[in-house]
Amino acid sequence: MPPQRRTLRNVVFSLLGKAQAAVFSYIVIRLLLDVLTVEQYGLYSLLFIGVMVNLSMLFQIGIPNMITRYVPEQFTSHNTAGIREIFGKVLRAQLCVGIATVLLTLAFAPQIAKWINFPDDAQIIRVFSLAALIYLLSEIYHVTLSAVFRQQSIFTVTIAYNTLRLILLAIVWWQFRSFMAVVVAEGISLLGCLIFYALSFRRAADIAAAPVAAGASLDWPRMKKFGGLSYLNEVGVSLLSVATDFFLVSGILGGAAAGFYGLANRINDLAQKVLPGKMLAPVIQPLFFSEYGSDKSKAEFGFRILIKATLFPTVAVAVWLAVMSKEVIVYLFDPQYAQAAMLVSVMAIFMPAAAVRLPLGLMLQNHERVDLLIWAKSAAILKIIAGVILIKRYGIEVMPWITGLAVVLQNNFVYFFVKRIAKARMDIWGNIRIWLNAVAAGAVIYLLKPWFNTLVGVILSVALFTALFLIFSLINRGFSKSERDFINSKLPRPLWKF
């Protein structure tokens, strides 16, 4: 019998983990906006969002995808020695790459600072590079624990990490109020996170204590090939991500523009964090591969329902945020960033396109066709060329359009091969119905916007939009009967009527 994946329990802890992360993130953003100037927040966004969260994929050499793809298979077959072997080798590889990157950053920090239009902040970049190394190592533990369905452990670690981070940044806000103090506090928090993960991994005795056997029957040539192709794909993901947005905006328009773009991106990121698709991604990925990795013919139904389950909440949040962007900035964050409202709206419009990259990518990864995902990232090259040409002429407002359209182009390329290789198709009309329901609810909110010009009004707009969207979704159903029956079979009662 395969080991228990404890799916429902892991779903609950994944949801709780992402929810608490979103709450902590909002409080941290408010502290940072009060401590940092607009220009300093621009550099903070470039480093801690553009580089650490997105560009870090360049330095992870395909490791997270390799762990996510193959560790669940070893878990299902009880090969804990194999899991231990994979973990040990990738951790050592990540440490070597990380140290080499830090040494290069320490040596060339002044040149990097000039390149990104912050010539006086070389020391900030040096300290940041040490924090980034710690982040890379902690991610190995995070991805491995997720791949063996230890979401409860991840939840505990993230609670401890976010609490430590909030305490340290609150001390900075209260006593120091300097950019360097913020960077040091973030670095210490990440070190605490790494320690928490290491302790949690040691407690997973069935994995951490498993002997590394010579005959663990791991197909390393196959795994290395997948990891190498995944790395090339991650290079494209990094180029297509917000990381290049920050570099283009900062390098061409300066720190203030990067600050406005940074807050718009953080608002968009916070909105995504409360979405089930984002919250459950650590559960969905290993579950999908453990369910369909050895039986690919059954994956189409899972793909179709995953697309709709992703779009249903994402489209709703995207439409509401596009309509209420200015009010969100003014009443929930900082009025001095109000001119970033259009950036928030455009990013919100393309939020669903970014969300469906997960199910699209899972289908090709399940068939081990990462090479096609790599070719899809050619859209990133077009994005960078368009950014260099258009940003200087049309300003910061054009950047989210360029990035969003590049993501749409990539998705269409991937979907073409999902149909061709995996023989799987979306329910296009069902997806369109979900969009129509959200747009109809958004139109009502737009007409009532004058009534929502306070903090209470913003909260009421959420409640009204949600009620309207659900009512419209009951009338104009996006899910088919078989899909509703499948979802209801997993629930205590048949509550899913949409």
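Contact list please: Cβ distance under 6 Å, first residue in the stretch 96-111 and more than 17 Å from A131 (Cβ to Cβ), second residue in a helix (DSSP H, G or I), pairs at least six apart or on different chains.
Hits for this filter: P110/A122.
Looking at (1) touching a residue at least 60 places away in the same chain (Cβ under 8 Å); (2) on the phi < 0 side of the Ramachandran plot, can you tell me which one L447 breaks?
Only one criterion in (1) touching a residue at least 60 places away in the same chain (Cβ under 8 Å); (2) on the phi < 0 side of the Ramachandran plot is unmet by L447, namely (1).
For (1) under 23 Å from E300 (Cα atoms); (2) modelled with pLDDT under 95, each residue gets a yes or a no:
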| residue | (1), (2) |
| --- | --- |
| A386 | no, yes |
| L390 | no, yes |
| F465 | no, no |
| S473 | no, yes |
| S480 | yes, yes |
| E483 | yes, yes |
| N488 | yes, yes |
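Could you give every pair whose Cβ atoms fall below 9 Å, whose first residue belongs to the stretch 479-498 and is closer than 20 Å to N437 by Cα, and whose second residue is among the acidic types (D, E) and in a loop (DSSP other than H, G, I, E, B), counting only separations of at least 6 or pairs across chains?
Sorted first by the residue in the stretch 479-498, then by its partner, the pairs are F479/D427; S480/D427; E483/D427.
Identify all residues within the stretch 357-382 that are at pLDDT 85 or above, β-branched (V, I, T) and crowded, with 22+ Cβ neighbours inside 10 Å; write none if there are none.
Selection gives nothing.
Please state which of the following conditions V28 fails to meet, knowing it meets all the rest: (1) open to solvent by less than 10 Å² (accessible area, probe 1.4 Å); (2) farther than 27 Å from L145 by Cα.
Answer for V28: the failing condition is (2).
Does N488 satisfy the condition of being within 29 Å of the chain's Cα centre (by Cα) and crowded, with 16+ Cβ neighbours inside 10 Å?
Values: within 29 Å of the chain's Cα centre (by Cα): yes; crowded, with 16+ Cβ neighbours inside 10 Å: no.
No: the conditions fail for N488.
Here are some residues: V183, V283. Which one is modelled with pLDDT of 75 or more and on the phi < 0 side of the Ramachandran plot?
On the way: V283 fails: modelled with pLDDT of 75 or more.
Result: V183 is the single residue among V183, V283 that is modelled with pLDDT of 75 or more and on the phi < 0 side of the Ramachandran plot.
The values are calculated or read from the model by the stated rules, or taken from the named source; none is laboratory data. The structure presented is a predicted model; accordingly, all values stated were derived computationally and were not measured. With ideal geometry, Cβ positions are generated from the backbone for all residues, glycine too; neighbour counts draw on all protein chains shown. In case anyone asks, the SASA skips ligands and DNA or RNA and just uses the protein heavy atoms, side chains included. Shrake-Rupley method; radii C 1.70, N 1.55, O 1.52, S 1.80 Å.
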